[in-house]
Amino acid sequence: MSAAMRRLLARCLLEVRKLTAALDDGGMAVDAWRDAFAGVLARYHTAAQLVGQGGGALDARAKAALTRAVQAQLGFLDRWALEIQDNAAYTLGRQARAALYAQGIGASYWRGATRMLPLPAMPRDGTSQCLGNCGCGWEITELEGDGNYDCTWVLGKSENCQTCAQRAADWAPLQIREGRLV
Amino acid sequence: MSDPDVIRRSVTRQDYAADPYSGSVGMYFVYPTPYSGPTYAPLPAWWSTQRDFVLRGTVHRESMWAAAIAKAITKTASLGWVINDTADSQLRTTRGQQLYLTALAGMQRGWVPFLNVHLRDYLLTDNGAFVEVVRASAASGSRIIGLAHLDSARCTRTADPDVPVLYRDRLGKIHEMRWWQVLSFSDMPDPSETWNGVGLCAASRAFLTIAKLAAIEQYLYEKSSGDGATELTLLRGVSENQLISAVTTADAEQKRKGAVYYKGKILTAFLSDQELQEITIPLKSTPDGFDAKQERDNAYMIYANAIGIPVQDIQPLSGQGLGTGTQTLILAEEAEAQGLAAWRQQWLHVQNEVVLPASTTFSWADKNDTRDQKAKAEVAKLRADTRASQIMSGEITVEQAQQLGVDAGDLPREFIAQDETPGGSLGDEEKPLTEIPVALAAPTPTTTKATTSEAAALVDRELARALDLVASVLGR
């Protein structure tokens, strides 16, 4: 994960914490908080994908993937908002849960960084046991020819979950030839 | 079996033994039992915990009263109920169902055992019935993980709305029950504020009748079984020794033959020239003109009224020369709005206001009453026919008819895009629409058209700000 992405992630964490604190303090109604939180998620997922691809604009495929990612997050957010509404006075753990949403922008970053290659999973996309805390990454080696890549799942520096350890063993490398996973 | 997780977080946790060899039934009694002795002690004045001890003991004194209480409880326990969620959340309806199906009643767990002990407290104590709302933590909004019955004798009502009940556990420790931790019920609560909601339960209302009927049955039992003195007879012309000898000899002879209760007449010959004289003084007897059947019928009527059940639940109407079929229906309909019906309403309201989430409702459903279902279906058909006529005549549109159908409960709310008359009618089993934000109606991350379009719109809307962020973090 690049330094720019780490800066983006820090800002995102700050924003979601501020929003959630406003909810806890009673300064914000649940539905208003939900809308504001949804806006932050859309903004940072978009930014993360752009940072991942090194700037520029989003093409149609990238935008469609981004929309699907945001849509999934909104689904989770709606469920959380309902739980908050049901237990308005129970504020324990909200900040930690908000931080998980922020960590989730890492998946959009890697989607951008891997240039929309047809990879089976992205770090922090919630498909591993470590969920949004995943510290792993993809190492992409472009080969000769059109659409030929060797993609290696690189484990994070700290402890790793069983899913990631298995991925590092299986996807070392994962081969993409002529744009297709082989 | 009881749920250890719920018990661990319940104020009743000290009421359970740490091992299977201590605290078993018969090894100790926590408080003096009012269940012994053949006759009634006078009922202590209203209100004291001693009064509730005596009232609780009434089911051990009079068999028909016990049967009536059992019938009322089992009838209520067998009623069906439904958990609905206006946002169609399967998670919340499942959680709601589990909450009631796993309710704690001491060492038993489940809706029926819970209701058995809960309603006994409601019907047999003036203090009423108490339910602990067991939560994951002590915070007011904390997730509810279970319901637990609290022994009424250990609950003290307070005047503090924040801590309405003090619960004393088996070790004598007092637990302050906050308003979100306890539900309290009482029958006919006293209106004076100093009594904090103590009521006048069914046993209290019927106590004199219970005592009277118990005495009558006891008298008849003793008269039939030959136990107890009912009269004193003074005899002249026979000595005491002769009399005792005659009775003892006859008694021994009858016992030898195996007769225990019905020993018949004793015939004894005396050698005497004195005329025998007898004076009888009754010690206890029924009043002049006493009619046991009439007394029982009156008592059953009073029992039924006190509990709030149809009288034929206690005593079948057959053989009384009445149109029993019709009368049963009428009496059953009348009983729907009395006694335990009030408890049912209070239970329903409390569950919907305090226990269940905003979009989830508890409602009673007497699925076994096909007569009721048929009547409802007929009325619904009448309404549907009326709406059809109104559409045909051009009086209303199809959309307006759908709105009317939703308002009347004939159609689900989901059938209309927007409820134009949300405040039009709101039953006691419904919750206002405003409690459920429309934006939160879909709880699961489904790929509906609405969320896809919302996500796409959000990405478009936030793109410019995202580009600013990118420029900022990339240092451009």
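General remarks:
- Working from the Cα coordinates of segment A:118-182, the gyration tensor eigenvalues give, after taking √(5λ), semi-axes of 23, 11, 9 Å in decreasing order.
- Shape category assigned to segment B:73-179 from the gyration tensor of Cα positions, a/c cut at 1.5: oblate
- Over segment B:231-282, the hull volume per residue, using the convex hull of the C-alpha atoms, is 87 Å³.
- Taken as Cα centroids, segment A:103-122 and segment A:46-96 sit 14 Å apart, rounded to the nearest whole angstrom.
- Its alpha carbons give segment A:33-182 an Rg and a Dmax of 16.9, 59 Å.
- Global geometry of segment A:1-116, whether rounded, prolate or oblate, following the gyration tensor of its Cα atoms and the 1.5 cut on a/c: prolate
- Total formal charge among the other residues, if their Cβ is under 9 angstrom from that of A:MET116, Lys/Arg +1 and Asp/Glu -1: +2
- Per-residue average of Cβ from other chains inside 10 Å of A:63-75: 5
- As a size descriptor, the averaged projected area of the C-alpha convex hull of segment B:4-200 was calculated at 13.0 nm².
- Residues in segment B:266-289 reached by a label modelled at B:GLU253 [backbone nitrogen below 16 Å; 7 Å Cα→Cβ]: B:266-271
Read the figures in this text as sums done on the coordinates, not as results from a lab. Predicted model only: the values in this text are computed from it and were never measured. So basically every Cβ, Gly included, is an ideal-geometry build from the backbone, and we count neighbours across all protein chains shown.
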